[in-house]
Each structure stands twice: as C-alpha cells, then as structure tokens.
Amino acid sequence: MEIEIATIGGYEEVGRQMTAVRAGDDVVVFDMGLNLSQVLIHDNVETERMHSLDLIDMGAIPDDRVMSDLEGDVQAIVPTHGHLDHIGALSKLAHRYNAPIVASPFTLELVKDEIESEQKFGVENDLVEMEAGETMPIGERCELEFVHVTHSIIDAINPVLHTPEGAVVYGLDKRLDHDPVLEDPIDMKRFREIGREGEGVLAYIEDTTNAGRKGRTASESVARRELQDTIHSMEDYDGGIVATTFSSHVSRVSSIIEFAQEIGREPILLGRSMERYSGTAERMGRVNFPDNLGMFGHRKSVDRAFKRIMNEGKENFLPIVTGHQGEPRAMLTRMGRGETPYDIESGDKVIFSARVIPEPTNEGQRYQSEQLLRMQGARIYDDIHVSGHLREEGHYEMLNALQPQHVIPAHHDLEHFGKYAKLAKSEGYEIGRDLHLSDNGNIIQLVE
Ligand SMILES: [Zn+2]
C-alpha cells in the first residue's frame, strides 16, 4: 500500500499545525491550527470574518492546497488537543473536506466553540467523540487509534494510523508525565506495544519544540508543588495576591484555586478565556471546583467582581486572571495600566505560573506588563511552570519505545529540526534515508 505524508503547516514555525497521511486511497488529517502571532501582529484583525485564502496569505492558517496532490479521500480530521495552534483553523478549512472531525471529549467541546464563533463559513462536518484507547476503521484496511498522552491541557491524545505497512504515529504535543494533575499518566505501555506488534511503526512524527534541551521535562506535579510552596509562603500577607497562567491549562488553574483556599482566600477567575476553558471543564465534570466559584468573562461582570474585591478587602481574595504573556488586552495588563477597579499597591504579589514564549513580540509585551506592575510596587514571582513538551531524554525514550522505521521532526523550524536530527542520528537514523526534514507544503513518500 502506498503511504505518503504531507507536511502542510507547522514545519516552518510553531503554530498552524497540519499534517496529512495517505494510506492507499484513504487520507487522515492531523490538526488544523492557527498561528496566533501572525494574527496578533496586525491590529484589529477579526479572523472570525476572514476568508481562508487571506488567512493563508498572512501565514495564519495552513496552506492546504497541497492536499490536491494527495490521491485519496479524506476520511477523518483529527485535532489532537484543544490548543489553538492545533484546532484554530478547523473553522476555516474543515468545511472543504467531506469528513468527520474526530476528537477526544474536551477537545471536541473546544472545537464546537470554534465552529460556533465562526462567521464566514458554515462548518457542517460531523463531530465524532472518541476517547483515548478507542479505535475506528479508516477505509477497508486501516484503523485509527487514540493513545492517551500528557500535555498542558487535559484530554490530549497522540493519534495512530494503523496501516498494512505499519503504524504512523503522530506524536505532537506531549511530555512524558507519570504523575500529572487531574488525569492519568502517559500511556507508555501502549506505545511500547505499538512498537512491537504487527509491522511495527513505519513512521513517527515528533514534537521538537524543546529539541536540544537536555534532560527530561518535569511532571505537572512539580509545578504544583512549587505553586503550593509559593502560595503558602504568602499566607500571612494581608494585601493583594494575583495569579496568572494559561487559561487552557485547567490542571494548573485548579491547583491555584486549591492553594488559594488553603490560605483562606476566595479564588475568582477573571478574563474571557479563563471563563471559557474552566467553565467547559466544569460543565463536563472534569474538575472539582469549589461551589460558587466566581468565573467572569465579560468586561462589566469582571469590573463588578473587582469592585467587590476592593469593597470586601483584597486580603480575602486571589484573582486568577489572563495575561501571562503580557497580552495588551488581557486582564493582568489592564490591571497594570490601572484600567480596572483593582488597586495594586506596594508589596502586592503577582504570580506568573507560566514562562514567556520565547518570541520577540511576547518577550516585549511581557516585559512591559511586568514593568507596569513593578512601577506600582508589585513583587513578581515568575516561571512557576513546567513545559508541556518533551526534552531530549523524552525523545530518546519515544524512539526506544516505538522503534520507528522513519522519523519526521515537526512543530518548529529547520533550526530546531537540526537539533533533533543530531539526536536521531546518534540513534542510527540518516537524513534522506529514514530521517526526513521537511518544510510546509511537501509530500514525503514512504512506501511506493
Ligand atoms: Zn499544545
């Protein structure tokens, strides 16, 4: 059976991920993501109203025109988890394919939100929920399987397309976490089985975000312990404490909520995306938030919550807000600029449970946001965080578990692929033979 892999998006950047695998007459698409930095760089761009081709020209969504060179029918579109760089282009591209969108439950809820807020295209693809550990047939001879992985959002999976020539494992966005918060450890046992059963693994597409970084990525439980230590150290402080983190990182948000309560403060979630992700997780019964946890997204309700905090005393609350990257319109940045009713006073504590995404725009914005907070006397606690992506030892561990015939680095650019290529070469892979460095818009032929 002919097997081809089209590297469509996310092979020259982190963002707008999209990869397609053709096995005989059947094609499966993994991820359709948005490159948010290409959107934010323009003022006032409303992607909801924009046409796909304009967004492709901006570099914001994958250029999927290469799909017409794949001689097969798309049978499934599979977003691996709910981050925007993996689901953000579904509302712009999915309607062009007559295929269901297949995703894990939490991811599928977020996909529904994306589709509902779309104003240009009517996306009518069937939405199919599939849990980790489950499979579905693809055409007559292939099968799609979801393997549970751990990442900085719940319900992440690595999809595996089982073909008569071996398995194609799409390995994007995970760390090997054996003690995560809110969910099961990564299913390494299943990866080892897949590496050894049948024809083994034909190809592994690897997440190279942290390529070149030594050692292994720490567990979410490590970030949780550090947060616990930090927040408990503030127990006797009688002023304001504010925390920020990735809104989509529901495990992290739930840890902050728990520790706020432990030091006798009422946690409140503020900001549109805080309300969205945590609200979705709560409605689905995926988190155990305290009864009456305040979650406010709209400007007016947020300001009302801030006023209540100021009236009842800042020392009784711990607002958890958006703005960990210093995004200009996010809540923490507005607080820094003095645009909210919340007064930051000398000695108040601001916890960044996030690392700056190393990219000039983010670095500049985060610097500005921190400066604004500092000018009012705030104390900054930063980097209370672990990455969602594996480092070198994780890469070795995956190669060892899967023993793939071919390896394809993804989720970054050539510079990072080079770092990963060095590692893969030390395991016996050779560029051009079984180690494939690819740009956006290429097709790699694995089996003719
Ligand atoms: Zn991700």
Scanning the range 240-264 residue by residue, those outside any helix (DSSP H, G or I), open to solvent by 10 Å² or more (accessible area, probe 1.4 Å) and not polar (S, T, N, Q) turn out to be 246, 263, 264
Taking the range 379-396 and keeping residues under 19 Å from residue 363 (Cα atoms) and more than 16 Å from the ligand (Cβ to nearest atom) leaves 379, 380, 381, 382, 383, 384
In the set 328, 360, the lone residue that is open to solvent by 20 Å² or more (accessible area, probe 1.4 Å) and under 17 Å from residue 270 (Cβ atoms) is 328
In the set 109, 131, 124, the lone residue that is without any contact (Cβ under 8 Å) to a residue 60 or more places away in the chain, within 21 Å of the chain's Cα centre (by Cα) and open to solvent by 30 Å² or more (accessible area, probe 1.4 Å) is 131
Pairing a residue in the range 139-152 that is among the small types (Gly, Ala, Ser) with any residue that is within 16 Å of the ligand (Cβ to nearest atom), where Cβ atoms lie under 6 Å and the two sit 6 or more apart in sequence or on different chains, gives 152/249; 152/388
Taking the range 92-105 and the residues there that are under 23 Å from residue 283 (Cα atoms) and in contact with a helix residue (DSSP H, G or I) (Cβ under 7 Å, 6 or more places away or on another chain), the one that is farthest from the ligand (Cβ to nearest atom) would be 101
Report yes if residue 92 is out of contact with any strand residue (DSSP E or B) (no Cβ under 8 Å at 6 or more places or on another chain) and buried (at least 18 other Cβ atoms within 10 Å of the Cβ), otherwise no. yes
With the first residue restricted to the range 372-389 and required to be under 15 Å from residue 349 (Cβ atoms), and the second required to be within 16 Å of the ligand (Cβ to nearest atom) and at pLDDT 95 or above, Cβ contacts under 6 Å at 6 or more apart or on different chains are none
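The values are calculated or read from the model by the stated rules, or taken from the named source; none is laboratory data. Just so it is clear, the model here is predicted, and its values are computed rather than measured. Cβ sites come from the backbone with ideal geometry, for glycine too, and all protein chains shown count toward neighbours. Accessible surface areas use protein heavy atoms only, side chains included; no ligands, DNA or RNA. Shrake-Rupley method; radii C 1.70, N 1.55, O 1.52, S 1.80 Å.
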